[in-house]
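Structure record follows, encoded as structure tokens.
FYI, it's all coordinate maths here, none of it is from the lab. Because the structure is a prediction, the values reported are computed rather than measured. Because the Cβ atoms are built from the backbone with ideal geometry, glycine has one as well, and the counts that use them run over all protein chains shown.
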């Protein structure tokens, strides 16, 4: 991807592909560095015309409550209107792509947009042909046609176009990620030229206050997030001391209006959290951190209000669940660490709800006080009041809360039979989630219906390993080891779909079975380190076994960590975090295939492949994923699409017809 496209993708900075003399209407090419350097043109957001006012979109908080945005500190016009300067400075030049286009004159589809660009004549024929190529490739890919696409079906409105782009995976059309990024960048440039997008420049002259804030930020990631927000705040005439939740709400709305991807959510959330952290870590700024929104579930802020006996009883109960007595009939077997973490969260979340309902802290002197029918009813009612999407249906998190409270009531052992029955009835009033395979997982697995995508995905470990070796030859050892780590992790994941934590905890010495000659022949993880307590066994072929040994000698031993045997260690020793390993895999899969993929999705993919080949192979999928209950496999992992049943039906019909013909 070129530098121009990358800057175009980053945020707001547009490089004009041509230098235009408005008076003489003469055009000289400047798109490629071979002819002449590209000329940087600073864009500014166009002001609203008096005859076409645009209302400010309504904002809402995390729970849907309306936010009354105070626009006293915001200019009446759009940020940085085209005919005014910033901070009293000279007017900023406006590029041809920022032409003023009335809302009613904006093209509705890309066929009209290309016609508008052609009629304006601002660019050379070569550049217009490049724009037409971007549009044709995008339309053909999104419409999934091999013939000439219908450009009238490709909308220009960013919100509508974004829905189509987000649902599309470049790998489905055999388009590389960098190629697709250039295509989307070209579409974005066309939308700017036709008045749909209004960029904020990355080179806006910021005030001294903003420059001082940015100068104190040393972390590159934090600096990028706040620099981006500082440009927007400057365009809205907001100084650092004037930043509020409403400022970030306006920022989020602007990003959502201008973005063609869903990254605007991460940008807005990241900027908000980064700003809050920086204000807290830099008290010399004199800027108070943003207050937390009301009704936000900050459990840790209320723990100090609970009696010490509540904490001690909660810790004793959780320790009892983690390592129960073998004759403890109430607890049974030890619960998984992830379930234990969730139960701890629900304990203190329920206690917080009761405190906010004006229950005296003295009343919560023991964990058993949280399990009474009155407490369970109050907690579930508060959960419904806070998080119900429409005030009539239960929120998704209510069922887990009810299940944990019911289990706790039975295990604590201080309730009478009548009270325990009441708790069970209250928890039973909360309906279970609708049965059916998760919609989001179904959509992500749909990309693998293309056999070419599936084949490229299973070849990816080999591709990553070759890239690692090439980086090693180029003496880029750090990048080579990171690439080799992803290659080995993905290869093992495709052989045995481990969970991210199980994959990250693999030990080169203890978790691989070997033959008499010391060669790796299989994988063996004890049940004490798995989520369900079931030991994990898998066979490993000779090629992968040899590559695992090569990887350990190449990427782990040179680290010089004495006695380190983890397959994926940290620099300072010990195993890598499961989410860090999963994020690295996701980045590589996205870079090579353009697919939004996470390590846990591999479990659903493998189960679905098994069930697509044989609809009766649910037990095989269950054993492959090492689930203790077959319902878990069917409900969350194995997508039963009926394809195998249809194939068996077609074979039966073929045999029947062949027999009749004979």
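Structural remarks
- By average C-beta atoms within 10 angstrom, highest first, the peptides 179-186, 323-330, 102-109: 179-186, 102-109, 323-330
- Tensor-based shape of segment 581-662 (alpha-carbon gyration tensor, a/c under 1.5 rounded, otherwise prolate or oblate): oblate
- As a calculated quantity, the FRET efficiency between residue 176 and residue 561 at R0 = 45 Å, using C-beta atoms, amounts to about 0.75.
- As a rough guide to protection, the peptides 249-257, 209-217 ranked by mean Cβ packing within 10 Å, highest first, stand as 249-257, 209-217.
- Put a dot 7 Å past the Cα of residue 327, heading toward its Cβ, do the same for residue 429, and the two dots end up 4.0 nm apart.
- Highest average first, the peptides 372-383, 534-545 ordered by how many other beta carbon atoms sit within 10 Å of their residues are 372-383, 534-545.
- Percent RCO, i.e. relative contact order, over segment 175-246, from Cα pairs under 8 Å lying at least 6 residues apart: 31
- Taking every Cα-Cα distance in segment 452-545 and sorting them into 10 Å bins starting at zero, the pair-distance distribution P(r) comes out as 15, 40, 34, 11, 1 percent.
- Segment 299-428: proportion of alpha-carbon pairs further apart than 19 angstrom, %: 49
- Residue 288 versus residue 623: modelled label distance in nm, points set 7 Å from Cα along the beta carbon direction: 6.4
- Three-way shape label, segment 447-499, alpha-carbon gyration tensor, a/c 1.5: oblate
- Dimensionless Rg over Rh [segment 440-599; C-alpha; Kirkwood]: 0.96
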